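Participant: There's a structure below that I have some questions on.
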């Protein structure tokens with residue numbers, strides 16, 4: 001980073017995207033710790049003006065000059081753009097916090113969740129810190145708190161992922177499909193929804209309106225998807241458990257924002273529901289919302305637009321005193337993406353201020 005004078009300069013690379021817009025909201029809501037905030041995007045977005053901290057800031061095109069003099073650079077761009085430009089920003093003295101998938105499993109790049117492993121952010125040989133995938137982030141904060149108490153040994157997870165996880169194209173596709181199926185006689189024969197939707201499947205392999213699609217990501221070995229492998233590999237890296245047993249099924253559902261997951265977590269030690277509830281109720285970044293008798297458990301409609309991970313349906317496994325069952329929800333555009341990136345950047349800014 002550059003010489004420590006005044007407050008650090010922050011660059012938001014990818015400022016005009018779906019996550020970028022949430023990032024600008026978060027920067028306006030959090031403590032004002034930054035000096036200049038520079039908004040950077042593709043050349044086609046250059047010249048636009050966006051509001052940050054109550055001021056209009058003009059977007060500039062991504063190039064070396066735009067990255068000059070930056071202390072912390074938050075990247076929310078496609079993998080190929082991050083691979084090209086994150087090392088350039090780091091070489092020019094910035095600490096890069098990258099929200100793409102380009103560096104998540106690089107052994108020289110820490111993968112950080114501030115509530116779980118903030119210490120990892122200090123060791124960054126390449127000058128880059130990676131942000132985990134949104135689905136991992138939707139569950140890892142409460143799991144980290146439980147792991148610290150009981151010692152996690154195994155995870156079985158099913159995700160119910162919002163279409164915004166596929167970006168603006170995912171949101172636009174769901175809205176278009178909903179308009180196509182509205183008023184149509186459905187649910188009486190195979191292919192009703194597909195016929196109504198036609199070829200308007202967008203980034204999804206099947207219609208997502210009035211449907212669930214057991215697939216997210218691209219094909220990997222032995223039939224696993226890339227997003228399923230990310231949840232396994234990222235959980236191991238964040239928790240420091242390279243041999244953690246993990247089984248995952250990713251499902252896309254017709255929800256705009258907020259991912260949900262069912263979690264079967266087995267631990268080294270015996271667990272009790274009362275102790276688990278105590279841990280979750282006091283864990284930073286977690287809301288325990290769990291009273292089924294009163295109809296209280298988290299749903300995407302409850303958590304959208306909020307920062308914490310919400311946890312409900314906390315039960316001990318009927319056949320295993322070392323295992324817990326949980327249902328978790330998190331806004332994939334906030335904690336699942338922009339918020340965690342901002343929190344990592346704030347960790348780096350605290351180092352900057354102390355040096």
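Coordinate-derived values only; no laboratory data. Predicted, not measured: the structure shown is a model, and the values here were computed from it. Positions of Cβ are generated from backbone atoms using ideal geometry, with glycine treated the same way; all protein chains shown enter the neighbour counts.
Participant: For a quick size check, give me the Cα extents of segment 188-227 along its three principal axes, largest first, whole Å.
Facilitator: Cα extents, longest axis first: 35, 20, 13 Å.
Participant: Counting other C-beta atoms within 10 Å, which of 119, 147, 259, 30 has the fewest, and how do the rest follow?
Facilitator: With the sparsest Cβ surroundings first, the list reads 119, 30, 147, 259.
Participant: Relative contact order for the chain: what is it in percent, counting Cα pairs under 8 Å that are at least 6 residues apart? It would help to have the intermediate numbers written out before the result.
Facilitator: Working: 790 pairs, mean separation 66.7, N = 355.
RCO, the chain: 19 percent.
Participant: Using just the Cα positions, wrap segment 136-332 in a convex hull and report its mean projected area in square nanometres, one decimal place.
Facilitator: 12.7
Participant: What order, most packed first, do the peptides 58-64, 83-89, 139-145 have when packing is the mean number of other Cβ atoms within 10 Å of each residue?
Facilitator: Averaged packing, sorted descending, gives the order 139-145, 83-89, 58-64.
Participant: Order these peptides, 157-167, 330-340, 245-255, by their mean beta-carbon neighbour count within 10 angstrom, highest first. Walk me through the numbers before you get to the answer.
Facilitator: Working: 157-167: 23.4, 330-340: 27.5, 245-255: 18.6.
Listed from highest to lowest mean packing, they are 330-340, 157-167, 245-255.
Participant: May I ask for the Rg/Rh ratio of segment 298-352, computed from Cα atoms with Rh as the Kirkwood radius, given to two decimals?
Facilitator: On the way: Rg = 15.6 Å, Rh = 13.2 Å.
Ratio of gyration radius to Kirkwood radius: 1.19.
Participant: Please give the calculated 222 nm ellipticity per residue for the chain, where each DSSP H segment of at least 4 residues contributes -39500 (n - 2.57) and the sum is spread over every residue; nearest 500 deg cm²/dmol?
Facilitator: Calculated at 222 nm, the ellipticity per residue is -9500 deg cm²/dmol.
Participant: Can you give the translational diffusion coefficient of the chain in µm²/s, computed by Stokes-Einstein from the Kirkwood radius over Cα pairs at 25 °C and 0.890 mPa s?
Facilitator: Roughly 116 µm²/s, to the nearest whole number.
Participant: Same structure again: Checking a compactness column here: for segment 148-220, what do you get for Rg(Cα) / (2.2 N^0.38 Å), N being the number of residues? Display every interim value, and only then the final one.
Facilitator: Values: Rg = 16.0 Å, N = 73, 2.2 N^0.38 = 11.2 Å.
Normalised Cα radius of gyration, segment 148-220: 1.43.
Participant: Give, as ranges by residue number, the residues of segment 17-46 whose backbone N falls under 19 Å from the point 7 Å along Cα→Cβ of residue 88.
Facilitator: Answer for this model: 17, 38-46.
Participant: Moving on. How large is log10 I(q)/I(0) at q = 0.17, 0.18, 0.23, 0.25 Å⁻¹ when the Debye formula is applied to the Cα atoms of segment 179-269, each weighted equally and without solvent?
Facilitator: For the requested q values the scattering log ratios are -0.85, -0.91, -1.21, -1.33.
Participant: Okay, moving on. If you consider only alpha-carbon coordinates, what radius of gyration and Dmax does segment 14-70 have, in Å?
Facilitator: When restricted to Cα atoms, segment 14-70 yields Rg and Dmax of 11.0, 31 Å.
Participant: Per 5 Å bin from zero, what fraction in whole % of the C-alpha pairs of segment 264-355 is there, up to the bin with the longest pair?
Facilitator: Calculated P(r), rounded to whole percents: 3, 13, 18, 18, 16, 13, 10, 5, 3, 1, 0.
Participant: Counting C-alpha atoms alone, how compact is segment 78-165: give Rg to one decimal and Dmax as a whole number, in angstrom.
Facilitator: Spelled out, the Cα radius of gyration and Dmax of segment 78-165 are 14.7, 43 Å.
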